[in-house]
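The values are calculated or read from the model by the stated rules, or taken from the named source; none is laboratory data. Keep in mind that this is a model prediction, so the values were computed, not measured. Virtual Cβ from ideal backbone geometry, glycine too; neighbours counted across all protein chains shown. For the accessible areas, the whole protein counts, side chains as well, though only heavy atoms, and no ligand, DNA or RNA atoms are used. Shrake-Rupley method; radii C 1.70, N 1.55, O 1.52, S 1.80 Å.
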Amino acid sequence: PPSNRSTGPSSFAARPGPNLMQRPSLSRFSAKPVTPSGSTLTTFGEKNNNRSYQLDGSSTTSSSEERAVGQPLSLTHQKAVSLAEAGTMVTFDSMHKLAFILVGTLIMCYCAVSPRTLPLVEYNIKFKENLRVASLLFIGPMLTLLALFDTEQNDVNSVIGSFYTSFTVGYTLVFLAEILVTTFLRLGVFAIWEPTIFDLAPKIPVPVLPWVLRENKYRPKRITLFVADFATSCIACPIIEEYIKLKIVQLTVRLPRNFKLVKKKVGRRGKKKWVREKMVRGPGEPDITKVNIYITHMFAASLGLKLCDSIRRVLMYTKRGDMDRGFYALLRGIFPIHELCGTMTALSLAKRDVLGVTMPTWKMLAPAVFIHGMANFRGMKPIFKWNSSTPWSEMQLSPWNAADDSTFPQILSKSVTKLMWLTILGRVLGYCVKNYYLIGRQAIKRTTTYAGKHAAFKAGLAADEILKTTKDKK
């Protein structure tokens with residue numbers, strides 16, 4: 001009561017009060033102040049992340065992302081929980097990259113107007129038509145990428161970076177590499193099957209010789225042309241494109257992994273070899289059990305090469321007799337060879353780095369190179385071939401309104417071959433979906449059933465491969 005309150009100096013000094021100069025007591029390893037009752041304080045930001053830190057320094061996290069060991073709480077990278085939230089996390093650098101691609105596409109659409117001598121009004125109408133046709137290319141790939149994108153595992157800015165690097169630097173490197181390799185391969189084939197071509201060497205430089213035979217009215221033999229084209233289009237170019245896609249992903253993003261490559265002494269002689277060892281993790285840091293980040297980044301790198309090449313080819317499909325341009329652009333964007341091949345490479349990379357399966361680079365690329373080579377053999381053009389006289393043949397299709405004088409048996413035979421190719425692509429898609437979930441289950445089994453038993457886990461994988469091979473033979 002107010003009547004019993006003492007306001008004298010002696011009573012004020014006798015009553016203990018808070019010391020404003022004294023700091024709150026902290027635990028030695030705790031990141032939080034401690035109340036006199038021993039409980040930990042929770043800030044608003046940590047409530048938002050559902051984190052609570054104990055007095056011994058341990059933490060319990062209910063959010064989707066674990067805090068990195070030894071990393072300050074303020075520097076922890078926050079993952080998006082939805083596509084809408086991921087869209088808000090796009091940085092200015094990523095927006096700059098996307099704007100660069102957009103401006104480049106606009107310039108190509110403007111320069112692709114044919115004929116160039118049109119009046120300004122008609123020229124702008126053709127420019128807008130080119131822009132509309134080029135935009136149809138992005139519908140199928142972007143919808144597929146959004147369906148594949150997992151916000152808990154992927155950073156939208158790193159995915160944009162992989163796409164941008166592949167669209168710009170990757171496409172340029174592939175084009176130059178294919179030109180150089182094709183020149184050497186054609187010269188080698190000419191030296192074996194048709195050495196008389198080199199009689200033009202005093203007049204024409206040897207490196208330019210394979211590219212100017214038609215201008216000099218020289219017609220090589222059919223076997224020479226077939227071998228040279230098969231070696232370049234079906235073998236060399238698929239290897240170059242798939243290898244550069246793999247390197248773009250490895251250089252633009254640091255993929256999470258369970259095993260790393262180290263050089264150790266192996267055998268009695270102590271010869272040093274590169275072997276894969278399990279990565280040492282900090283306390284409470286879990287192993288990688290999900291591989292969506294591998295698929296997403298390889299998919300983005302594949303789209304970069306595909307869309308840059310497809311934009312160029314669609315904008316060259318502008319002759320007066322070219323029909324169904326919009327339908328052609330839409331189907332070319334959906335045609336999934338680059339995406340399927342990139343996914344197969346990503347699955348092999350995940351087997352090596354997540355499951356610890358010994359797999360050299362050539363073995364990782366072999367399935368993708370084989371499917372890519374088959375597609376090129378069926379009519380798909382490699383990147384270095386600038387133009388195509390029959391662009392619809394690359395997708396094994398034809399325009400709706402094209403005149404066709406084929407008889408019914410001829411139409412049936414064409415349909416059977418196209419149906420077989422479609423069946424192969426369907427089986428490749430099934431292989432990718434099946435192995436995507438299979439690798440995830442094996443990664444979880446490795447951390448649960450085979451925890452600390454890597455040799456037993458590898459033996460189980462080998463047994464599964466043997467059973468699979470035996471089943472396929474039967």
Residue list for region 99-135, filter: in contact with a Leu (Cβ under 9 Å, 6 or more places away or on another chain), open to solvent by 40 Å² or more (accessible area, probe 1.4 Å) and under 17 Å from Leu303 (Cα atoms):
none
Cβ contacts < 6 Å: first residue within 17 Å of Leu180 (Cβ to Cβ) and in contact (Cβ under 8 Å) with a residue 12 or more places away in the chain, restricted to region 192-220; second residue polar (S, T, N, Q) and assigned to a helix (DSSP H, G or I), any location; separation 6+ or different chain. Result?
Pro207/Thr183; Pro210/Thr183
Filter result (open to solvent by less than 80 Å² (accessible area, probe 1.4 Å) and either under 20 Å from Thr196 (Cα atoms) or not in a helix (DSSP H, G or I) (or both)) within region 225-244
Val227, Ala228, Asp229
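Scan region 206-224 for residues that are of a type outside the set (Ser, Thr, Tyr) and open to solvent by less than 100 Å² (accessible area, probe 1.4 Å) and jot them down. Give the steps one after another, and end with the answer.
We begin by selecting, within region 206-224, every residue of a type outside the set (Ser, Thr, Tyr); these are 206-217, 219-223.
Matches in region 206-224: Val206, Pro207, Val208, Leu209, Pro210, Trp211, Val212, Leu213, Asn216, Pro220, Ile223.
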Filter region 346-395 down to the residues that are at pLDDT below 90, among the hydroxyl-bearing types (Ser, Thr, Tyr) and within 30 Å of Ala443 (Cβ to Cβ) and list them by number.
Thr358
When region 349-372 is checked residue by residue, the ones that are surrounded by fewer than 22 Cβ atoms within 10 Å (Cβ to Cβ) and small (Gly, Ala, Ser) are Gly356, Ala366
The condition from (1) closer than 30 Å to Leu102 by Cβ; (2) surrounded by fewer than 17 Cβ atoms within 10 Å (Cβ to Cβ); (3) modelled with pLDDT under 95 that Asn154 misses is numbered (2)
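Residue-wise test of (1) in a helix (DSSP H, G or I); (2) more than 34 Å from the chain's Cα centre (by Cα).
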residue	(1), (2)
Thr168	yes, no
Ala177	yes, no
Thr196	yes, yes
Leu213	no, yes
How many residues are open to solvent by 20 Å² or more (accessible area, probe 1.4 Å) and in contact with a His (Cβ under 8 Å, 6 or more places away or on another chain) when one looks only at region 245-281?
4
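When you scan region 120-132, do you find a residue that is among the acidic types (Asp, Glu) and modelled with pLDDT of 90 or more, even just one? Can you show your working first?
Taking region 120-132 first, the residues among the acidic types (Asp, Glu) are 122, 129.
With modelled with pLDDT of 90 or more added as a condition, the list becomes 122, 129.
The answer is yes; a qualifying residue exists.
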